[in-house]
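The values are calculated or read from the model by the stated rules, or taken from the named source; none is laboratory data. Everything quoted here is computed from the prediction, not taken from an experiment. Neighbour counts run over all protein chains shown; Cβ positions are idealised from the backbone, glycine included. Side chains included, ligands, DNA and RNA excluded: accessible areas come from the protein's heavy atoms. Shrake-Rupley method; radii C 1.70, N 1.55, O 1.52, S 1.80 Å.
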Amino acid sequence: MKVLEAACEVLEPDADQRARVRDQVIRYSEKFLEEIDTKKAYVTDPDKGAGLLDSPLQEDGCDISEALELIGKHVDTPGLNPASGGHLGYVPGGGIYFSALGDYLADVSNRYAGIFFASPGAVRMENQLIEWMAGMVGYPSDCAGNLASGGSIANLIALVTARDAKQIEASNITKSVIYLSPQVHHCLFKAIRIAGLRECIVRHIDLDPNHRINTGHLEGLIRQDLADGLHPWLVIASAGTTDTGAVDPLDSIGDLANRYDLWYHVDAAYGGFFALCEEGKRKLKGMEQSDSIVIDPHKGMFLPYGLGAVLIKDREKMFASHHYQANYMQDANRNAEIASPADLSPELTKHFRGLRMWLPLKLHGAKPFRAAAEEKLLLANYFYDGLKEISGFEVGAPPDLSVVLFRYVPANGDVNAFNQRIVDKVIEDGRFFFSSTTVNGKFMLRVCILAFRTHKQMIDLALSILKDTVNALESDHAIV
Ligand SMILES: *Cc1c(COP(=O)(O)O)cnc(C)c1O
């Protein structure tokens, strides 16, 4: 036993050993942050991080300097740099620093955030954050909610709750109808499958020219289904679709959900935090009518990845779908004053996620987050206007939030192939990163502005890179 004890002693480094490793980690992260403005948003590396595998996991440990070198070279270099202000692709994240310190504290103390009896303070912190977000989206303060790992799991929790609340079961599932926009995030289709709802009838609602749900069509579908003896039970809207950034008409969908007694779910994973500013609040009006809503602090609050929130108005319903009982939990259940996160989600043991959101919110206050939300909306319009100034670029309607869709129409040749080349060139250059999508069969370029490090200077740079890129490609073309 003594020999074993001696062998595992290294798991508890002393203060000097801790300081030595910590100092190097801090030095590494400080260098990363100091260089962030000059680092590329995307690095194309032929090795694609494979060099990491040349250093196998072994019986004996290595020095921190060696570990940091591996991380720096093979992990923090190739691919996308989500911490960069040049990240204008997909839905940007960020990585605010005080959140990292929150994680540090959470990991050192390792408080058990899943159960009130184990850590009443951690659970109260989570609830305080849920209540703060409830206020932001216009929900009552006694709603229930959960800090999940991301929007996908948060959406799953909402759909499972909706399923049980509406008693969708084997006996009625094939007659039960779900209404959604074909533009909903694919995690909702995943959630439908995982929640055992694949046998429901799923109706795709027509969209208007701005990619928003056509509520006239939605109502027509519901009425027809009722006339046919079917059971309409769920409508899903998006408060900012991932593809086009469109905000569905949340108010009128709420009215319909109310009139026809449907569970109304709003996926605001991308757009929810724009409600922090007045302009965003106006655009998201109506989301407060929903029964459940998902918002992603690791998007709109710039937290490092690993936090998506779900809010559900009827807390009994959320509890009914997720609570459990087990003999080995009897002490915890007897000492529960308030519902534990573990009663409201599929997770039992979970990372103490609250601290990574609470610490930055406490230290900064809400004000800078409101300013950032407003700034991103303005930047999207600025980018949109800037594109219109460059001849050859074609844009659609002004952005609902901060996604801008566009494409370049070349003097001659295949439009889609030309735009694909623009994407390849820009990513190869790497100073900013964006993505493409296909809308109504058209290959479209797509920018989403949400990183907290993205400011006007970066948008000017992106516009000038796009201009230079199309000029270079057009002259290549002319020579051929
Ligand atoms: C990002 C996103 C999701 C998925 O959330 P994750 O945090 O990536 O799991 C769901 N819906 C929308 C609208 C999103 O933008």
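Some points to look at:
- Cα gyration tensor shape of segment 272-329, rounded if a/c is under 1.5, else prolate or oblate by comparing a/b with b/c: oblate
- Helix-only CD estimate at 222 nm, as mean residue ellipticity for the chain, using -39500 (n - 2.57) per DSSP H run (n ≥ 4): -13500 deg cm²/dmol
- Residue-by-residue Karplus 3J(HN,Hα) for segment 226-232, coefficients 6.51, -1.76, 1.60, Hz, glycine and proline x: 5, 4, 8, x, 8, 10, x
- Taking other residues whose beta carbon is less than 11 angstrom from the beta carbon of GLY308, and scoring Lys, Arg as +1 and Asp, Glu as -1, yields 0.
- Within straight-line reach of LYS317, meaning a Cα separation under 21 Å, sit the following lysines at least 8 residues removed in sequence or on another chain: LYS166.
- In this structure the amide hydrogen of SER176, modeled in the peptide plane, comes within under 5 Å of the amide hydrogens of ILE201, HIS231, none closer than 5 places in sequence on its chain.
- Cα-based shape type of segment 102-208, given that a ≥ b ≥ c are square roots of the gyration tensor eigenvalues and the cut on a/c is 1.5: prolate
- Neighbours of SER181 by Cβ distance under 11 Å: Lys/Arg scored +1, Asp/Glu scored -1, total -3.
- A dipole drawn for segment 401-480 from +1 and -1 charges on Cβ atoms has a positive end, and of PHE432, VAL404, LEU466 the residue lying farthest that way is VAL404.
- Surface accessible to a 1.4 Å probe, ILE459 within the full protein complex, Å²: 0 Å²
- Normalised radius of gyration (Cα atoms, divided by 2.2 N^0.38 Å) for segment 223-303: 1.19.
- Per-residue 3J(HN,Hα) values for segment 50-66, derived from phi via the Karplus relation 6.51 cos²θ - 1.76 cosθ + 1.60 with θ = phi - 60°, read 5, x, 4, 6, 6, 10, x, 6, 10, 5, 9, x, 10, 7, 4, 4, 5 Hz in sequence order (x marks Gly and Pro).
- Loop-exposed GluC sites (Glu not before Pro) per DSSP, neighbour cap 14 Cβ within 10 angstrom, longest uninterrupted part of the chain: 338-480
- For the residue pairs LYS367/LYS388; LYS175/LYS285; LYS299/LYS362; LYS190/LYS425, the C-alpha atoms sit more than 26 angstrom apart in LYS367/LYS388; LYS175/LYS285; LYS190/LYS425.
- Other residues whose C-beta falls under 13 angstrom from the C-beta of ASN127 contribute a net charge of -2, scoring Lys and Arg +1 and Asp and Glu -1.
- Karplus (6.51, -1.76, 1.60) ³J(HN,Hα), θ = phi - 60°, over segment 451-467, in Hz, Gly and Pro reported as x: 6, 6, 8, 7, 10, 4, 4, 5, 5, 4, 4, 4, 4, 6, 5, 4, 5
- Taking a straight line from the alpha carbon of LYS283, these aspartates and glutamates sit under 13 Å away, with near neighbours fewer than eight places off in the same chain left out: ASP248, ASP251, GLU374, ASP400.
- For segment 176-257, trypsin sites (Lys or Arg not before Pro) are listed when DSSP marks them as loop and at most 12 other Cβ atoms sit within 10 Å of their Cβ; the list is ARG198.
- Considering segment 360-480, its Cα convex hull presents a mean projected area of 8.3 nm².
- Farthest positive-ward along segment 329-442 dipole, Cα basis, beta-carbon charges - from LEU379, ALA417, GLN330: GLN330
- Cα shape, the chain, gyration tensor, a/c 1.5 rule: oblate
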